[in-house]
1. Considering only region 91-104, state which residues are surrounded by 15 or more Cβ atoms within 10 Å (Cβ to Cβ) and not small (Gly, Ala, Ser).
2. Somewhere in region 32-42, is a residue surrounded by fewer than 14 Cβ atoms within 10 Å (Cβ to Cβ) and of a type in the set (Gly, Ala, Ser)?
3. Of the residues 99, 105, which single one is charged (D, E, K, R), in contact with a Gly (Cβ under 9 Å, 6 or more places away or on another chain) and more than 22 Å from residue 13 (Cβ to Cβ)?
4. Taking region 43-90 as the search range and keeping residues that are polar (S, T, N, Q) and surrounded by 17 or more Cβ atoms within 10 Å (Cβ to Cβ), which one is nearest to the chain's Cα centre (by Cα)?
5. Go through region 28-60 and give me each residue that's among the acidic types (Asp, Glu) and either under 18 Å from residue 103 (Cα atoms) or touching a strand residue (DSSP E or B) at 6+ places or on another chain (Cβ under 8 Å) (or both).
6. Do we find that residue 17 is modelled with pLDDT of 95 or more, within 10 Å of the chain's Cα centre (by Cα) and among the polar types (S, T, N, Q) in this structure?
7. For region 55-107, which residues satisfy the criterion of being of a type in the set (Gly, Ala, Ser), at pLDDT 95 or above and out of contact with any helix residue (DSSP H, G or I) (no Cβ under 9 Å at 6 or more places or on another chain)?
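The values are calculated or read from the model by the stated rules, or taken from the named source; none is laboratory data. Quantities reported herein were computed from a predicted structural model and do not represent experimental measurements. Positions of Cβ are generated from backbone atoms using ideal geometry, with glycine treated the same way; all protein chains shown enter the neighbour counts.
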Amino acid sequence: MTESRFEWEGPQDLLPTVTAALQRVVDPEVALNIVDVGLVYRVTVRDQRVDVDVTMTSAACPVTDVIVSDIENELDRALPEDLKIHVELVWEPPWTPQRMSAKARLFMGW
C-alpha cells in the first residue's frame, strides 16, 4: 500500500476504506479528488467518531459546502453506521500547490 496522503490516527484496517471514500469526493473546480488535491489534512478515528480536517484552496472557495457535504455522504456510505462523522474546515497550515499529488500536478500542468 502506498503512503497515506494525509495524517491518519485510527485502526489501520479502516484506512483503505476512508481513503477510497475520500477519493470519491471531487473538487468540482479542478475536476480532481480532494486527496490528490491535498485538501485532506488529517483523519482521526476514535471513540465511535471520525474527525476529518480539510481545507480549501482558498477561503473564497465557492464549492466549500458541496465538498464538505460530499465528504460526509461518502464516509457515511463507507463506514459502519455507529461511527459519527465530523468534518472540520481548517485554514492552518494554508493550502499550497505542494500538497498536490504528482498525478494532480501533472493533470494541472504544474
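1. First, pick out the residues of region 91-104 that are surrounded by 15 or more Cβ atoms within 10 Å (Cβ to Cβ): 95, 99-101, 104.
Of everything in region 91-104, those that are surrounded by 15 or more Cβ atoms within 10 Å (Cβ to Cβ) and not small (Gly, Ala, Ser) turn out to be 95, 99, 100.
2. No, region 32-42 contains no residue that is surrounded by fewer than 14 Cβ atoms within 10 Å (Cβ to Cβ) and of a type in the set (Gly, Ala, Ser).
3. Going through 99, 105 in turn, just one is charged (D, E, K, R), in contact with a Gly (Cβ under 9 Å, 6 or more places away or on another chain) and more than 22 Å from residue 13 (Cβ to Cβ): 99.
4. 55
5. Here is the first cut: in region 28-60, the ones among the acidic types (Asp, Glu) are 29, 36, 47, 51, 53.
Matches in region 28-60: 29, 36, 51, 53.
6. When the stated conditions are applied, residue 17 does not pass them.
7. Within region 55-107, 69 is the sole residue that qualifies.
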